[in-house]
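Only one structure is covered here, and it is reproduced in the block below.
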Amino acid sequence: MIDFKSKLGRKASRHLKQEYFVWLTTVDSSGTPQPRPVWFIWDGDSILIYSQPGAFKLRHVLNNENVSLHFNTLDTKGEEDLIIFNGKARIDPKAQPANKTPAYLRKYRTGIKGLGSSPESFAKEYSTAIRIKLTSLRGW
């Protein structure tokens, strides 16, 4: 269980609430880490990501639920605001579509429009939900 009341935990919580994207790292079939930036929301219990159904990250999650997530930092020396989570990812068939998830739309409506898409067409294209339960936190 992650202590979000500790100094590091409070910092991590701020990142979860404020950052626009997170780097999700899955592991491919050869054991090679595969990082990629993704849009996400933190619902206080887990991270929710929407994916295109044919994306490699889905195959990776199905074969190995262990993932890590981290944020960019503006600190050029890497001495501050480093937040790294480990978690267990799964496909969530019960998740509402992106266009029916108010927190997701609040956060990404402008980004969706910037893609030349509507919330409805985005939800059709990114129709597979990934839910990640965070298991550990490290950083400084």
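Here are a few things to note about the model shown:
- Test set (1) out of contact with any strand residue (DSSP E or B) (no Cβ under 6 Å at 6 or more places or on another chain); (2) modelled with pLDDT of 95 or more; (3) of a type outside the set (Phe, Trp, Tyr) - residue 45 fails condition number: (2)
- The set of residues in region 1-16 that are of a type in the set (Lys, Arg) and surrounded by 15 or more Cβ atoms within 10 Å (Cβ to Cβ) contains only 11.
- Residue satisfying condition, being within 17 Å of the chain's Cα centre (by Cα) and on the phi > 0 side of the Ramachandran plot, within set 87, 111, 116, 44: 44
- Taken together, the residues in region 15-52 that are touching an Asp or Glu at 6+ places or on another chain (Cβ under 9 Å), over 17 Å from residue 104 (Cβ atoms) and not in a strand (DSSP E or B) amount to 1.
- Selection from region 53-96 of residues that are farther than 13 Å from residue 128 by Cα and exposed (fewer than 13 other Cβ atoms within 10 Å of the Cβ): 63, 74, 75, 76, 77, 78, 79, 80
- Scanning region 17-34 for residues that are of a type outside the set (D, E, K, R) and loosely packed, with under 12 Cβ neighbours inside 10 Å yields a count of 6.
- Number of the condition not met by residue 114 [criteria: (1) over 21 Å from residue 69 (Cα atoms); (2) surrounded by 13 or more Cβ atoms within 10 Å (Cβ to Cβ)]: (2)
The values are calculated or read from the model by the stated rules, or taken from the named source; none is laboratory data. Just so it is clear, the structure is predicted and the values come from calculations on it, not from any experiment. Cβ coordinates were reconstructed from backbone atoms using ideal geometry, including for glycine residues, and neighbour counts include every protein chain displayed.
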